[in-house]
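Input: a single structure, listed below in structure tokens.
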Amino acid sequence: MSIRKIKKNELQEALHLVLNVFMEFEAPVYSMEGIEYFKEYIHNSSILEELQIYGAFHNHKIIGVIATRNHGCHISLFFVDSTYHRQGIGKKLFRQVTKDCPGEVITVNASPYAVPIYKRLGFIATDTEQISDGIRFTPMIYRK
């Protein structure tokens, strides 16, 4: 397995993985407003241009994606194909982010499904769960 930045010609494959995993694990607890907002977010070219997007690859296939903004210090997207859950792929993707973030703090707005995963990575909640545009999230922080 390797981790590297997603190339332009790989972006659609990466976003396909993101949407599939979102629909399987996140969408069931989101409103239709939240689902539509998420779909618009991942297809907004101006937002995508601001992101640093990394992929985990196995046999040239994207099996995980992590995307950051704010100079690599805020996680915007973090998804691993369900076939590869609990195999350390998310941890390896997160390590790449910790290398790239020049600051001492990484933030995320964690979905309900992802809160336990972020806790295992060392994040702590900074507030209670919130809802904005139908997106449910808990603000969390990681200190290097």
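The values are calculated or read from the model by the stated rules, or taken from the named source; none is laboratory data. Everything quoted here is computed from the prediction, not taken from an experiment. No Cβ is skipped: glycine too gets one built from the backbone with ideal geometry, and neighbour counts run over all protein chains shown. Remember, those area values only see protein heavy atoms, side chains included, never the ligands or the DNA or RNA. Shrake-Rupley method; radii C 1.70, N 1.55, O 1.52, S 1.80 Å.
For the reader, a short list of remarks on this structure follows.
- Boolean, Leu93 is aliphatic (A, V, I, L, M), closer than 20 Å to Ile131 by Cβ, within 11 Å of the chain's Cα centre (by Cα) and surrounded by 15 or more Cβ atoms within 10 Å (Cβ to Cβ): no
- Sole exception among (1) of a type in the set (Phe, Trp, Tyr); (2) out of contact with any Lys or Arg (no Cβ under 9 Å at 6 or more places or on another chain); (3) farther than 23 Å from His71 by Cα for Phe38, by number: (3)
- Of all residues in the range 1-52, those satisfying the criterion of being part of a strand (DSSP E or B) and either among the charged types (D, E, K, R) or under 14 Å from Ile135 (Cβ atoms) (or both) are Arg4, Lys5.
- The residue that is modelled with the lowest pLDDT, among those in the range 102-144 that are among the basic types (Lys, Arg) and under 18 Å from Asn70 (Cβ atoms), is Lys144.
- Filtered by the rule that a residue be open to solvent by less than 20 Å² (accessible area, probe 1.4 Å) and hydroxyl-bearing (Ser, Thr, Tyr), the range 62-87 gives a lone residue, Thr68.
- Flag if Arg120 is of a type in the set (Lys, Arg) and touching a Pro at 6+ places or on another chain (Cβ under 6 Å): no
- From Val65, Val115, Val80, residue being touching a residue at least 12 places away in the same chain (Cβ under 8 Å), closer than 26 Å to Met32 by Cβ and touching a Leu at 6+ places or on another chain (Cβ under 7 Å): Val65
- Test: Thr126 is closer than 17 Å to Glu24 by Cα, of a type in the set (Ser, Thr, Tyr) and open to solvent by 70 Å² or more (accessible area, probe 1.4 Å): no
- Lone qualifier among Asn59, Asn44, Asn20 - being at positive phi and either open to solvent by 30 Å² or more (accessible area, probe 1.4 Å) or at pLDDT 95 or above (or both): Asn59
- Test: residue in the range 80-89 that is of a type in the set (Gly, Ala, Ser) and either in a strand (DSSP E or B) or in contact with a Gly (Cβ under 9 Å, 6 or more places away or on another chain) (or both): no
- For the range 1-56, the set of residues classified as in contact (Cβ under 8 Å) with a residue 12 or more places away in the chain and among the hydroxyl-bearing types (Ser, Thr, Tyr) consists of Ser2, Tyr30, Ser31, Tyr37, Tyr54, listed by residue number.
- Residue match in the range 64-75 (condition: basic (Lys, Arg) and under 21 Å from Ile135 (Cα atoms)): yes
- Residue count, the range 96-117 (criterion: open to solvent by 30 Å² or more (accessible area, probe 1.4 Å), closer than 23 Å to Glu129 by Cβ and either touching a Gly at 6+ places or on another chain (Cβ under 8 Å) or of a type in the set (S, T, N, Q) (or both)): 3
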